Amino acid sequence: MSKRKSKESISTNGECISQVQKLLRERLCHHYATGKLFGTEHQYRHLLELLKRTTVHGESNSALIIGPRGSGKTALLNHVLKDLMEIKQVRENLLEVRLNGLLQTNDKVALKEITRQLRLENVVGDKVFGSFAENLAFLLEALRTGNRTSSCPVLFILDEFDLFVHHKNQTLLYNLFDISQSAQTPVTVIGLTCRQDILELLEKRVKSRFSHRQIYVINSFDFKQYVRIFKEQLSLPAEFPDETFAQKWNNNVQHLSVDKTVQDVLQNLFHYTKDLRSLHLLLMLAVSNVTVHHPLITASDLQEASKQYRMDSKANIVHGLSVLEICLIIAMKHLNDVYEGEPFNFQMVYNEFQKFIQRKAHCMYNFEKPVVMKAFEHLLQLELVKPIERPSVRTQREYLLMKLLLDNNQIMDALQVYPNCPTDVKQWATSSLSWL
């Protein structure tokens with residue numbers, strides 16, 4: 001009987017855990033915020049009012065949402081659209097067209113995507129268009145034949161707006177802004193960009209048709225609010241099927257938020273970047289550790305996730321190098337210390353390495369110069385060393401000027417965890433000057 005009960009409890013726990021994983025992963029992976037937006041309430045009201053005028057009253061508009069990467073531009077827009085869709089009239093009538101400057105690399109591709117999203121392929125398919133201009137003319141005609149009262153409002157969302165600016169003659173932007181200025185089909189163009197100087201990049205004719213509405217988004221919250229965001233992102237909603245488990249989980253999240261270790265982890269991330277996507281990634285790594293036998297997130301999970309997130313990729317590469325390559329990196333480190341960051345060449349590194357070999361001949365094998373050159377070239381391939389000038393026919397390989405892309409802390413940290421590193425090599429790395 002007890003065995004059957006334990007099996008049942010494991011299966012119910014398993015269901016709860018899979019639901020928690022699904023819910024939190026959806027929340028952390030997609031660009032929508034739960035609860036209220038932090039620090040962008042004013043921008044939210046402004047954008048909501050702007051889009052209501054288009055969707056409800058049939059006014060055409062254009063606006064730019066400007067802010068650094070990870071400041072919540074997409075989350076703000078999605079939040080506004082989610083609230084707008086609760087209005088029946090908007091839900092039934094609004095046509096959304098989403099374009100991205102990274103995907104729609106020219107106006108022709110963008111036009112095809114607009115046609116697809118407005119479901120005009122069948123209409124376009126029967127007609128044979130000679131050029132991009134004719135295709136655009138037909139599409140614009142389709143948009144222009146409507147009027148404010150009877151036409152469905154169309155919302156154009158242009159992500160990575162600054163990349164559309166580089167399209168030839170800015171034809172697409174010109175025509176979209178031109179329609180948004182006219183009293184025909186209600187059209188709103190919303191651009192999202194991280195460039196502050198975006199208006200300077202617009203042509204005069206495009207700029208004259210833009211409404212010059214700019215909504216600036218910046219992460220202005222303090223650490224207390226950051227901890228509240230952490231709690232909101234991890235908390236389970238009241239409508240979660242298993243109330244007992246949800247309460248247990250939420251109590252655990254509350255305890256975590258006041259835990260000293262967790263606060264240190266969050267403080268480090270907060271000072272490193274206020275980008276909420278970084279917080280989402282940290283939480284995602286921690287949530288991935290939740291299993292039936294480990295049903296709640298612990299402080300050590302977040303610590304481990306922080307280590308994984310802040311892992312130094314270049315220091316990781318150093319762990320896989322041979323002892324000879326490590327010695328060359330240490331030689332470069334000493335050259336940097338002695339010559340205060342001046343560039344060096346292979347010959348200087350080789351001479352430095354030879355000095356070390358002569359002092360410690362009993363523990364290190366004296367490699368021939370071509371072998372050392374091969375190891376140096378491997379470091380060049382791994383991009384741990386970078387040439388500061390292009391290789392030319394005149395310059396010999398040994399005398400090309402190079403720069404080390406690792407700092408002293410990265411080298412010393414990598415040496416601490418390097419497996420079976422000879423003691424003499426470690427001592428050579430810690431000695432302040434190469435001839436000591």
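The values are calculated or read from the model by the stated rules, or taken from the named source; none is laboratory data. From a predicted model like this one, the values you see are computed outputs, not experimental measurements. Here the Cβ is made from the backbone with ideal geometry for all residues, glycine too, and neighbour counts use every protein chain on show. Keep in mind that these areas ignore ligands, DNA and RNA; they rest on the heavy atoms of the full protein, side chains included. Shrake-Rupley method; radii C 1.70, N 1.55, O 1.52, S 1.80 Å.
Rounded to whole Å, give me the distance from the Cα center of the range 49-77 to that of the range 261-275.
If we compute the Cα centre of each part, the gap is 30 Å.
Tally up the carbon and sulfur contribution to the accessible surface of the chain as a whole percent, 1.4 Å probe, everything protein left in place.
Values: 11940 of 23560 Å².
Taking all protein chains in place, the chain shows 51 percent carbon and sulfur surface.
How would the chain be classified by its alpha-carbon gyration tensor: rounded, prolate or oblate, with rounded meaning a/c under 1.5 and the a/b versus b/c comparison settling the rest? If you can, show how the numbers build up before the last one.
On the way: a/c = 2.74, a/b = 1.45, b/c = 1.89.
Note, shape of the chain comes out oblate.
If you fit an axis through the alpha-carbon atoms of helix 276-287 and take the longest principal axis of the Cα set of the chain, what angle between them do you get, 0 to 90°, nearest 10?
The angle comes out near 70 degrees.
Take every Cα pair under 8 Å in the chain that's 6+ residues apart, average their separations, divide by the length, and report that relative contact order as a whole percent.
Numbers: 511 pairs, mean separation 73.2, N = 436.
Value for the chain: 17 percent.
With a sphere of radius 9 Å drawn around the Cβ of S257, what net charge do the other residues whose Cβ falls strictly inside it have (Lys, Arg +1; Asp, Glu -1)? Mind showing how you got there, number by number?
Values: positive: R228, K231; negative: D259.
Net local charge, S257 excluded: +1.
How many Å² of accessible area per residue for the chain, probe 1.4 Å? List each step's numbers first, then the result.
Details: 23560 Å² over 436 residues.
With all protein chains present, the chain gives 54 Å² per residue.
On a 0 to 90 degree scale, rounded to 10, what angle separates helix 260-272 from the longest Cα axis of the chain?
With both axes taken from Cα atoms, the answer is about 80 degrees.
For the chain, find the longest principal axis of its Cα atoms and tell me its angle to the long axis of helix 2-29, 0 to 90°, nearest 10.
For 2-29 against the chain, the angle is about 80 degrees.
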